[in-house]
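Accompanying notes for the structure given below.
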Amino acid sequence: MSNCLFVRSLETMAICAGLASDTAGSEHYHQQASTLRSKLFADFWDVKRQAFIHSRVDGVPGDKITRYTNMFGIFFGYLDQQQQQAIKNHVLLNDSIQKITTPVYALL
């Protein structure tokens, strides 16, 4: 989850730098966001389960899938239509995936 939020924060920094006419800063943050976003898919997208996994420990992907990261992937526009549909079916409509219990995320 924090990786999706970090990518989004870098994208936001690129926009803010652009608004401040800081072209070099905007490009710097845009490049960082782009690099991390591609790593997000390489390291956390589980092709077999068609969802983002929750974590990696010592380079080993974990088994847990949560709703949070997958929802952020949809909200932030990081997923194509096929991936969005897969998340809907395999995560959001899947009762075996832990429900959101944190009040702030339950509002989403």
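The values are calculated or read from the model by the stated rules, or taken from the named source; none is laboratory data. Here the structure is a predicted model, which is why all the values come from computation and not from measurement. No Cβ is skipped: glycine too gets one built from the backbone with ideal geometry, and neighbour counts run over all protein chains shown.
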Does at least one position in the stretch 8-19 carry a residue that is closer than 30 Å to Asp95 by Cα and at pLDDT 95 or above? yes
Within 14 Å of Gly73 (Cα to Cα) and free of Cβ contacts under 8 Å to residues at least 24 places away in the same chain: is that true of Asp22 in this structure? no
Elements of type helices (runs of 4 or more DSSP H) in the stretch 34-108, at least 2 residues being closer than 21 Å to Ser9 by Cα, of a type outside the set (A, V, I, L, M, F, W, C) and touching a residue at least 24 places away in the same chain (Cβ under 8 Å): 67-75
Those residues of the stretch 50-81 which are exposed (fewer than 14 other Cβ atoms within 10 Å of the Cβ) and more than 15 Å from Phe6 (Cα to Cα) amount to Arg56, Val57, Asp58, Gly59, Val60, Gly62, Asp63, Lys64, Asp80, Gln81
